[in-house]
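Chemist: Just dropping this structure here.
Here, each number is a calculation from the coordinates, and none is a lab measurement. The structure displayed is predicted, hence computed values, not measured ones. Note: ideal-geometry Cβ built from the backbone for every residue, glycine included; neighbour counts use all protein chains shown.
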Amino acid sequence: MTLTILRRVLAAVGVLLLISLFTFLIFFWLSPDPAVQICGKTCTPERIDQIRTQLGLNLPFWEQYWQFLSGIFTGRTYGEGAAAIDCAAPCLGFSFQTNESVTDMIVARMPVSVTLAIGAALLWLLAGIGGGLLSAVKQGTGWDRGVMMTALAGISLPNYFVALLLQYLLVVQLRWLPFPQSVTFAEDPLLWFQSYLMPWLVLAFGYAAMYSRIVRTNVIDTLGQNFMRTARAKGLDGPIVLRRHALRPSLTPVVTLFGMDFAGLLGGALITETVFGLNGVGKLTADSIAKNDQPVIMGVTLLAAALVVVANMLVDVAYTYLDPRVRVKSA
Amino acid sequence: MSTVPSELAVETEPKGVLPTGSAPTPARRVITTLRKSPAVVVSVCIIVFIVLLAVFAPVLSAITGWGPYDYDPSAIDSDLGGIPIGPLGGISAEHWLGVEPGNGRDILVRVAYGARVSLMIAVSATLITTTFGVIMGMIAGFFGGLADQVISRVMDFLMAFPSLIFMIALLSALPAGNRPALLVLVLSIFGWPYTARVIRGQTMSLRNSEFVEAARASGARPLKIAFREVLPNLRGTIIVLATLAVPSYIGTEAGLSFLGVGVMPPTPSWGQMISTAVGWYAVDPMFFLIPGTFLFLTVFSFTVLGDNLRRVLDAGDAAS
């Protein structure tokens, strides 16, 4: 058991290292010279050299990579003397466009993304699992067809389109909601709720659609298995069979998926945040792409990758507790 | 997020689609069954329509008299910040689906050219990932051992990757240039494991079936067994996987273009049109509604077709 967990943790660390290496490689090889960008139009070759030295861009690839990696754990200093810039650990890089450390920029935007992710997750778990169960239990009826049609629409509608549609209908046409604004819960609870309602719904719709399709398939699969027949033969009635025997095996795959999806959202809901103007990590990424602020893009990519990998690992470990069959197989 | 290809992984669990040993479902029976479903008929009609729109985009451009890059200042009201003149985003005999606010480009013609770009990218990526995925999946499943170990590890790594974020990072770092080709490349790199995984699983179960044993006993070489015995039995699965891959790539491409890292202006693409429309949605909703509807209908139709193909190919196997 401990060995299994240890192996999973090591594998996750390996994947993280590989991801950081690939990300670094991409920006090292493919992107235009950041020194030229920082230098601007009135640039002399001496100034470029100076910036390169300051950023450590004159060093070979492995040394730069090592500086970046160690910066995450111990922090690092760009340049020397009076012009030196300190970047405290965990240092994910430094944006010379905004003169801020990438870590600070991300931390400042995190609360919005977390709020968005939690609210949407609650909604989509409820709707996705509820819809999927309803559909499976009432298989072949109008309920089933209705839920599955909605789900099909949900996975086919791009979320930016739903976002625009909803915003146009509810805000511009019907005027039921105000324009979403960046307020905290403490400042104005009602406006806060109204501002997050549409983003929550839009995000949740897509995921709920996907989850209900999976839950339906899994429940129908489970209901057809032998242990279900045994449970019914023992004289247990429908709802109990469903709750005690069908739900757990049907929902374990959902746990894996949920771990990854939720972690992915913590790294920023790029599209939803952009459309609704929510100042989260996703908006930060989108803005940085528009401004070509590479240290930020790289930092966010790494963070998002790390979140997903860690979530994946946690889910795998949780599995060994949730599903006894996994334990047996790995032993 | 519905634009991530990883969704495909969930939709295409090998569950069910297991043609273990039975004869491949005759194409005629599949078509007969599918024709009875109104949803499928409508979907196929929509797909055919979109494909025709894409193929004949230049003809359409000649008929309407507007190229995809032609500005029409007479169709927009420069006093009102450039919103289209006339109701519903400037729909008129001149511009059948209205014009883009700000510059007056014809929406219908741009949607048609956008369909070209979208379909070209999605179909190319599907061809590449399907071919590569089937080859890799068959090698891993058929030969097992070291080959399987290596291929499976690479697939695990690629699938553990948060692919959308990485695609964005990669595309934003890459210099401009042939954007559609880059998109195909990036989609393919992250897309093939989803095909390969399913193919690998099915190849493994086919490898132990009686007819493969028989072929092996009669002295057939491994390559011949793979192509003559195993591959024909994977046909149904490959068709279903490819049909479902197309909408997922269309969606991903549109999402990437929406975020500004996909197809670059002035080349028209649906995602990019909707992205431009964000600034105009309150005054000119038709500008996001029209490309959005085309995008939705295309993805929806391919998904309905893929879902039904899977159902029918399953049932066909179960029945025989």
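Chemist: Would you mind telling me which residue in B:ILE239, B:ILE274, B:ILE31 has the biggest mean-square fluctuation in a Gaussian network model of chain B, where springs connect alpha carbons within a distance under 10 angstrom?
Modeler: B:ILE31
Chemist: While we're here: Given the -39500 (n - 2.57) contribution per DSSP H run of 4+ residues, what per-residue ellipticity at 222 nm results for chain B, rounded to the nearest 500 deg cm²/dmol?
Modeler: Numbers: 13 runs with 212 residues, N = 320.
When only DSSP H runs of four or more count, the value is -22000 deg cm²/dmol.
Chemist: For segment B:69-218, state the average projected area of the convex hull of the C-alpha atoms over all orientations, rounded to one decimal in nm².
Modeler: Reported value for the Cα convex hull: 14.4 nm².
Chemist: So what is the relative contact order for segment A:204-324, in percent, with contacts set as C-alpha pairs under 8 Å and at least six apart?
Modeler: Numbers: 87 pairs, mean separation 28.1, N = 121.
It comes to 23 percent, rounded to a whole number.
Chemist: Evaluate peptide A:149-157: per residue, the Cβ atoms of other protein chains within 10 Å of its Cβ; return the mean as an integer. Display every interim value, and only then the final one.
Modeler: Working: counts 2, 0, 0, 6, 3, 1, 10, 14, 7.
For this peptide, the per-residue mean of nearby foreign Cβ atoms is 5.
Chemist: Please list 3J(HN,Hα) in residue order for segment B:127-143, calculated via the Karplus relation 6.51 cos²θ - 1.76 cosθ + 1.60 where θ = phi - 60°; whole Hz, with x for glycine and proline.
Modeler: For segment B:127-143, the Karplus curve yields 4, 5, 5, 5, 4, 5, x, 5, 4, 4, x, 6, 4, 5, x, 7, 8 Hz.
Chemist: Between 0 and 90 degrees, rounded to the nearest ten: what's the tilt of helix A:102-137 against the longest Cα principal axis of chain A?
Modeler: The angle comes out near 20 degrees.
Chemist: Suppose we keep just the alpha-carbon trace of segment A:176-331; what are its Rg and Dmax in angstrom?
Modeler: When restricted to Cα atoms, segment A:176-331 yields Rg and Dmax of 20.9, 66 Å.
Chemist: Just to be sure I understand: with springs between alpha-carbon atoms less than 10 Å apart, which residue in B:ALA93, B:ALA181, B:ALA54 has the highest mean-square fluctuation in the Gaussian network model of chain B?
Modeler: Checking each option, the largest mean-square fluctuation is seen for B:ALA93.
Chemist: Mind computing the radius of gyration and Dmax over the alpha-carbon atoms of the protein assembly as shown? Å is fine for both.
Modeler: For the protein assembly as shown, the Cα-based Rg and Dmax read 26.3, 86 Å.
Chemist: Please quote Rg/Rh for segment A:1-148 to two decimal places, taking the Kirkwood radius as Rh and restricting both calculations to Cα atoms.
Modeler: Working: Rg = 23.8 Å, Rh = 19.7 Å.
So for segment A:1-148, dividing Rg by the Kirkwood Rh gives 1.20.
Chemist: On full extension of the chain, what length is gained from B:SER218 through B:GLN149, given 0.36 nm per residue of separation minus the C-alpha to C-alpha distance? The partial results should precede the final answer.
Modeler: Details: separation 69, 0.36 × 69 = 24.84 nm, distance 2.89 nm.
Taking B:SER218 through B:GLN149 to full extension adds about 21.9 nm, to one decimal.
Chemist: Under 4.7 Å Cβ to Cβ, no partner at all: give me those cysteines from the protein assembly as shown, in residue order.
Modeler: Flagged as lacking a Cys partner: B:CYS45.
Chemist: Over segment B:33-156, what number does the Rg to Rh ratio reach, with both radii from the alpha-carbon atoms and Rh per Kirkwood? Mind dumping the intermediate values first?
Modeler: Details: Rg = 22.7 Å, Rh = 18.1 Å.
Across segment B:33-156, the Cα-based Rg/Rh ratio is 1.25.
Chemist: Next up: Please return the longest range in chain A lying between exposed loop sites, taking chymotrypsin sites (Phe, Trp or Tyr not before Pro), DSSP loop only, at most 15 other beta-carbon atoms within 10 Å, and leaving the sites out. Could you put the intermediate results ahead of the total?
Modeler: Values: sites that count: A:TRP176, A:PHE185.
In chain A, the maximal stretch lacking such sites is A:1-175.
Chemist: Divide the volume of the convex hull of the Cα atoms of chain B by its number of residues and quote the answer in cubic angstrom per residue.
Modeler: Dividing the Cα hull volume of chain B by its residue count gives 147 Å³.
Chemist: For chain B, set up a GNM with springs between Cα atoms under 10 Å and report which of B:GLN149, B:GLN202, B:GLN272 has the largest fluctuation.
Modeler: Result: B:GLN149 has the largest fluctuation of those listed.
Chemist: Which loop trypsin sites (Lys or Arg not before Pro) in segment B:28-102, with loop taken from DSSP, have no more than 12 other Cβ atoms within 10 angstrom of their Cβ? List each step's numbers first, then the result.
Modeler: Numbers: sites: B:ARG28, B:ARG29, B:ARG35, B:LYS36; in loops: B:LYS36.
Of the trypsin sites (Lys or Arg not before Pro), the ones in loops of segment B:28-102 whose Cβ has at most 12 other Cβ atoms within 10 Å are B:LYS36.
Chemist: Counting only other chains, what is the mean number of Cβ atoms within 10 angstrom of the Cβ of each residue in peptide A:207-213? Before the final figure, lay out the partial values.
Modeler: Values: counts 3, 0, 2, 6, 1, 0, 4.
The per-residue average across the peptide is 2.
Chemist: Restricting attention to the alpha-carbon atoms of segment A:91-135, what are Rg (one decimal) and Dmax (integer), both in Å?
Modeler: Rg and Dmax of segment A:91-135, Cα atoms, are 17.6, 53 Å.
Chemist: In debye, nearest 20: dipole of segment B:175-258 around its Cα centre with unit charges on the Cβ of K, R (+) and D, E (-)?
Modeler: 220 debye
Chemist: So which trypsin sites (Lys or Arg not before Pro) in segment A:73-158 end up in coil per DSSP with only 16 or fewer other C-beta atoms within 10 Å? Don't skip to the answer; put the middle values down first.
Modeler: On the way: sites: A:ARG76, A:ARG109, A:LYS138, A:ARG145; in loops: A:LYS138.
Passing both the DSSP loop test and the Cβ count: A:LYS138.
Chemist: Taking all pairs of different Cα atoms in chain A, averaging 1/r and flipping that mean, what Kirkwood radius in angstroms comes out? If you can, show how the numbers build up before the last one.
Modeler: Numbers: mean 1/r = 0.0435 Å⁻¹.
Taking the inverse mean of 1/r over all distinct Cα pairs, chain A comes out at 23.0 Å.
Chemist: Follow-up. Taking beta carbons within 10 Å but only from partner chains, what does the mean come to for residues A:158-170?
Modeler: Details: counts 16, 6, 13, 13, 3, 3, 10, 5, 0, 3, 5, 1, 0.
Rounded to a whole number, the mean comes out at 6.
Chemist: Can you pull out the trypsin sites (Lys or Arg not before Pro) in segment A:211-270 whose DSSP state is coil and whose Cβ has at most 15 other Cβ atoms within 10 Å? If you can, show how the numbers build up before the last one.
Modeler: Details: sites: A:ARG213, A:ARG216, A:ARG229, A:ARG232, A:LYS234, A:ARG243, A:ARG244; in loops: A:LYS234.
The qualifying sites are A:LYS234.
Chemist: Where does helix A:281-291 land angle-wise versus the long Cα axis of chain A, in degrees 0 to 90, nearest 10?
Modeler: Taking Cα atoms only, the helix is inclined about 40 degrees.
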